[in-house]
Amino acid sequence: MAAIMPDSDSEDELPPGWEERATVDGSVYYVNHATKGTQWTHPRTGKKKVVSGDLPFGWEKCVSEDGKVFYVDHANRRTTYSDPRLAFATEEKEHAQDFRQRFDGSTMALQVLHGRDLAGKVAIITGANTGIGFETARSMALHGCTVVFACRDAKKSQEAISKIKAERVNASCEFIELDLARLHSVKTFVTNFKLRYKKLDMLVLNAGVFGVSFSLTPDGYETTFQVNHLSHMYLTLQLESLMGQGSRVVVVSSESHRFSNLSSATLSQTSLSPTSATHFWSLMAYNNSKLCNIAFGLELARRWEDKGIIVNSLHPGNMVSSELSRYWWFYRILFAVVRPFTKSLQQAASTSVYCATAPELEGATELYFNNCCRCEPSAAARDPELARILWDLSTTMIQAIISPGDGDGDGSGDGVVSDN
């Protein structure tokens, strides 16, 4: 269990006469002006703190003619002698899963990123052209991240990118076509991505469908299952060679996973992907796909832990007003009725952004979040036997469409799936 500390920051207040400073390499120390002494631990909490080696987004370190160091906030056109990194100091952790809850359900994605500079980072976000995915992409791009829109609709993606560039003209965003209903489209996407980029820092598996009537994809699998789980699994495993220590995989699931009817005893290819409409219920298909999301995320985290790749799952919010309800008029009406009582898209994107970027989650993997706070998923989602069976069944289903010898064509030697 993670050692989640109190969500109050009052204990961080320094006693009178103390000052917080930071060294060039990011270590925080404390000055007692009364005794002229210094120490590395906080005088109240006894904890050590560190700051990022980089200045917050939009800040510049300068030196005056008389040798004094000062900092310029270009965004707000102000100057200070205080190191702005101190506002974002984090406690050193004894264990990877020790972290303080800093945000909640009302937090905006842009608030999570306040002061953060993501320049040099590369992220893929599926379904980034609309809804929660767009706000996730927008928030990260506005803070310097290079964001690849992995979407099916080129026109909508370019329109979404144009909106972001209207806010920040030098925002780095690119569209690469991805149709999650076709595994070969996933393979083509990965090939095209590898031609442009040599690393991947963040992969946000955000796209999904809800309330879809029974149908089979061109690959012959039930649509909700393939779009929400199977293709995302294949995408993730094909990108493994570009991820390394500190890379993050963020799996957007839902609290709906708690109402799945799947178990390790009943899991089969037919229960995952029925071949006919008999006994098919779109809502249960969605619940089952969301359980698959978390089970896959937890199994992937276990398999990739020695690589230093962080994998976490999350619930963005209940009945958020996005295009998720577009497939049935009843759901559209229901989502519209509850809209005043649900999260905004910026609030719904906050947990995705938190899992993708929060410094305190460095090394914290195999977790499930809701409202930027760790919580326990269902017992079924934590069942290692269910996760193993799901992994094996999904692998078989992928290999039925993409033969094991069908590589990427980039010489990386990646197979269809990882056997780690």
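The values are calculated or read from the model by the stated rules, or taken from the named source; none is laboratory data. All figures in this text were calculated on a predicted structure; none of them were measured in a lab. With ideal geometry, Cβ positions are generated from the backbone for all residues, glycine too; neighbour counts draw on all protein chains shown. Only protein heavy atoms, including side chains, enter the accessible area calculation; ligands, DNA and RNA are left aside. Shrake-Rupley method; radii C 1.70, N 1.55, O 1.52, S 1.80 Å.
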* To do: Find the residue count for segment 34-70, including only residues that are in a strand (DSSP E or B), out of contact with any Cys (no Cβ under 7 Å at 6 or more places or on another chain) and not acidic (Asp, Glu).
  => 12
* To do: Provide a single number: the residues in segment 42-64 that are open to solvent by 40 Å² or more (accessible area, probe 1.4 Å), more than 14 Å from residue 23 (Cα to Cα) and modelled with pLDDT of 85 or more.
  => 3
* Asked: Any chance segment 372-381 includes a residue that's closer than 25 Å to residue 121 by Cα, touching a residue at least 40 places away in the same chain (Cβ under 8 Å) and in a loop (DSSP other than H, G, I, E, B)?
  -> yes
* Structure fact -> The one condition residue 314 fails out of (1) out of contact with any strand residue (DSSP E or B) (no Cβ under 9 Å at 6 or more places or on another chain); (2) modelled with pLDDT of 95 or more; (3) surrounded by 17 or more Cβ atoms within 10 Å (Cβ to Cβ); (4) among the aliphatic types (A, V, I, L, M) is (1)
* Structure fact -> Residues in segment 112-145 that are at pLDDT 95 or above, out of contact with any Lys or Arg (no Cβ under 9 Å at 6 or more places or on another chain) and assigned to a helix (DSSP H, G or I) total 5
* Filtered residue count, segment 147-181, keeping only those that are open to solvent by 30 Å² or more (accessible area, probe 1.4 Å) and within 14 Å of residue 124 (Cα to Cα) -> 5
* Of these, 200, 180, which one is aliphatic (A, V, I, L, M), part of a loop (DSSP other than H, G, I, E, B) and touching a residue at least 60 places away in the same chain (Cβ under 8 Å)? -> 200
* Structure fact -> Within segment 1-21, of all residues that are assigned to a strand (DSSP E or B) and at pLDDT 85 or above, the one most open to solvent (accessible area, probe 1.4 Å) is 21
* **Filter result for residue 207 (under 16 Å from the mean Cα position of the chain (by Cα), open to solvent by 10 Å² or more (accessible area, probe 1.4 Å) and at pLDDT 95 or above)** => yes
* Of (1) assigned to a helix (DSSP H, G or I); (2) at pLDDT below 95, residue 195 satisfies all except one. Which? -> (2)
* Evaluate the following for residue 278: is it at pLDDT below 95, surrounded by fewer than 16 Cβ atoms within 10 Å (Cβ to Cβ) and β-branched (Val, Ile, Thr)? => yes
* Kindly indicate whether any position in segment 223-243 is open to solvent by 10 Å² or more (accessible area, probe 1.4 Å), at pLDDT 95 or above, over 19 Å from the mean Cα position of the chain (by Cα) and among the polar types (S, T, N, Q). => yes
* So is residue 267 buried (at least 22 other Cβ atoms within 10 Å of the Cβ) and not charged (D, E, K, R) or not? -> yes
* To do: Output the qualifying pairs, or none if there are none: Cβ atoms under 7 angstrom, residues six or more apart or on different chains, first residue in segment 265-286 and at negative phi, second residue open to solvent by 70 Å² or more (accessible area, probe 1.4 Å).
  => 282/213; 284/261
